[in-house]
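The values are calculated or read from the model by the stated rules, or taken from the named source; none is laboratory data. Predicted model only: the values in this text are computed from it and were never measured. Don't worry about glycine lacking a Cβ; one is built from the backbone with ideal geometry, like all the others, and counts go over all protein chains shown. When the accessible area is computed, the model is the full protein with side chains, heavy atoms only, and any ligands, DNA or RNA have been set aside. Shrake-Rupley method; radii C 1.70, N 1.55, O 1.52, S 1.80 Å.
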Amino acid sequence: MAILLVMTIPLCTRVYVMTMVVLVSVVGIGACLGTLVANRPGAVVGSCAAGLGTGFGMLLRHRPAVAAVREAGLEGHVAGLSDVVLMSIAIYEAAVFPLISDGVSADEREARRTIAYRLAAYDDLPRSVRVSAAAALEAIDEGADAARARAAVKELSLTIYTCRSSP
């Protein structure tokens, strides 16, 4: 329940709170080190120096931190979508080329086909993934050559892997 509540807080606010937690922690470390070196005056000097240095550094890096978190979330979204497209196309392939004859009904095959096509056409997918998914769906739709369809699905998985590993 608490995690769901935290996830409803805007990203900028969460980054700000995390920044303050780090700042307080560094000030505490500065105070402890200052106490070890010169008792009470050292604690004051150490905490002030650590707080000012960390605060200044975090003010300079606040915007890039928010942008980096947003970018990582977008990359994860695209990777997850690509995986779902691959899975839906693989399920459709299994319906077209079942291991047991008459193992999949025509209605189920059509439902799997519809889902695969809808997911493959999603706008947030990279263009290379959509093109590769279209080629895999075309090979599966022909339904004559299971090896060609399997090779097209393998090519789709390699395309997704390439998109994920390229900067």
Open item on the list: If a residue must be part of a helix (DSSP H, G or I), without any contact (Cβ under 8 Å) to a residue 24 or more places away in the chain and surrounded by fewer than 17 Cβ atoms within 10 Å (Cβ to Cβ), how many such residues does the range 145-167 contain?
Closed with: 8
TODO: Tell me, yes or no, whether the range 128-146 has at least one residue that is under 30 Å from residue 10 (Cα atoms) and within 25 Å of the chain's Cα centre (by Cα).
DONE: no
Task: Subset of the range 18-31 (residues that are out of contact with any Ser or Thr (no Cβ under 8 Å at 6 or more places or on another chain) and open to solvent by less than 80 Å² (accessible area, probe 1.4 Å)) - done: 19, 20, 25
- [ ] Run down 93, 142, 110 and say which single residue is open to solvent by 80 Å² or more (accessible area, probe 1.4 Å) and modelled with pLDDT of 90 or more.
- [x] 110
